[in-house]
Amino acid sequence: GLKSQEVVKFEKFVSKNPPLAEFFSCEIKVGTQDLAYQMLGSQIGQHCAVLEEREGTRASIIPNFPEKKRAKISLSFNTFNRYDFSVSAPVSGWLVLGAPFSEGKWTAQVDQTNTATRKVNGNLVGVNLGPGTYLVSFIFNSRATVYGFLCSGIFGIVLAFLVIRQGFRERWSGIGSKSIIIAVLV
């Protein structure tokens, strides 16, 4: 029940789970999400980034197949809301993160410069890169996460204050009071 309708639709049309990150050296532009999923089911669509353009766009393919040259991608750092990749791309293309796209919640930085993210391959997050070597960071920010951390911090401080106040009132002694205070703070 925690999946959005976009994710449910993505899982319906895409038979395999996407890798954590993948580089596509060609792109296909289509007019709707349904056309994007149809293209992903085709042979060429499995090797290209499929982008949704405005409604009514006719499918167009911009090939860029290098001879035996593939982009090298390595995960250099990650946390619960951030993925940093080292990318060495021999040609222009799209770096696609295997996580669902959320409007306004995913931001990207290429060599510490903010870069626009796009919905790619139906419902994944992608950035366009030229040939070269880059450090690409995908960062997920949601208000719910920020508010959750703030509320947890505030309630933790209030709880620590109450325990310390109670400890001084009852004159806890020795190691017992110190260990309870340290446990609450942790």
*In the stretch 110-155, which residues are surrounded by 11 or more Cβ atoms within 10 Å (Cβ to Cβ), small (Gly, Ala, Ser) and modelled with pLDDT under 85?*
Ser142
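Tell me, which strands (runs of 3 or more DSSP E) lie completely within the stretch 102-167 with 3 or more residues that are closer than 30 Å to Ala89 by Cα and among the small types (Gly, Ala, Ser)?
On the way: elements: 106-110, 113-115, 118-120, 124-129, 132-140.
It comes to none.
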*Being touching a helix residue (DSSP H, G or I) at 6+ places or on another chain (Cβ under 8 Å), at pLDDT 85 or above and under 19 Å from Leu124 (Cα atoms), is that true of even one residue in the stretch 57-75?*
no
_Restricting to the stretch 11-55, and then to whatever is more than 28 Å from Arg82 (Cβ to Cβ) and basic (Lys, Arg), can you tell me which residue is modelled with the lowest pLDDT?_
Arg54
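Suppose we filter Lys72, Lys105 for residues that are open to solvent by 30 Å² or more (accessible area, probe 1.4 Å), under 15 Å from the mean Cα position of the chain (by Cα) and of a type in the set (D, E, K, R); which single one remains? Before the answer, list the steps.
On the way: Lys72 fails: under 15 Å from the mean Cα position of the chain (by Cα).
That would be Lys105, the only listed residue that is open to solvent by 30 Å² or more (accessible area, probe 1.4 Å), under 15 Å from the mean Cα position of the chain (by Cα) and of a type in the set (D, E, K, R).
If you scan the stretch 126-152, which residues turn out to be of a type outside the set (A, V, I, L, M) and without any contact (Cβ under 8 Å) to a residue 24 or more places away in the chain?
First pass over the stretch 126-152, keeping only residues of a type outside the set (A, V, I, L, M): 126, 128, 130-134, 137-138, 140-143, 145, 147-149, 151-152.
Once the filter is applied, which keeps residues that are of a type outside the set (A, V, I, L, M) and without any contact (Cβ under 8 Å) to a residue 24 or more places away in the chain, the stretch 126-152 yields Arg143, Tyr147, Gly148, Phe149, Cys151, Ser152.
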*If we only count strands (runs of 3 or more DSSP E) wholly inside the stretch 1-52, which ones have 3 or more residues that are within 20 Å of the chain's Cα centre (by Cα), touching a residue at least 24 places away in the same chain (Cβ under 8 Å) and surrounded by 13 or more Cβ atoms within 10 Å (Cβ to Cβ)?*
21-24, 49-52
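Does Ser86 fit the bill of being surrounded by 13 or more Cβ atoms within 10 Å (Cβ to Cβ), out of contact with any Phe, Trp or Tyr (no Cβ under 7 Å at 6 or more places or on another chain) and at pLDDT 80 or above?
Answer is yes for this residue.
The values are calculated or read from the model by the stated rules, or taken from the named source; none is laboratory data. A quick note: this is a predicted structure, and the numbers were derived from the prediction, not measured. Every residue, glycine as well, gets a Cβ built from its backbone with ideal geometry; the counts of neighbours run over all protein chains shown. What goes into the accessible areas is simple: the full protein's heavy atoms, side chains included, and nothing from ligands, DNA or RNA. Shrake-Rupley method; radii C 1.70, N 1.55, O 1.52, S 1.80 Å.
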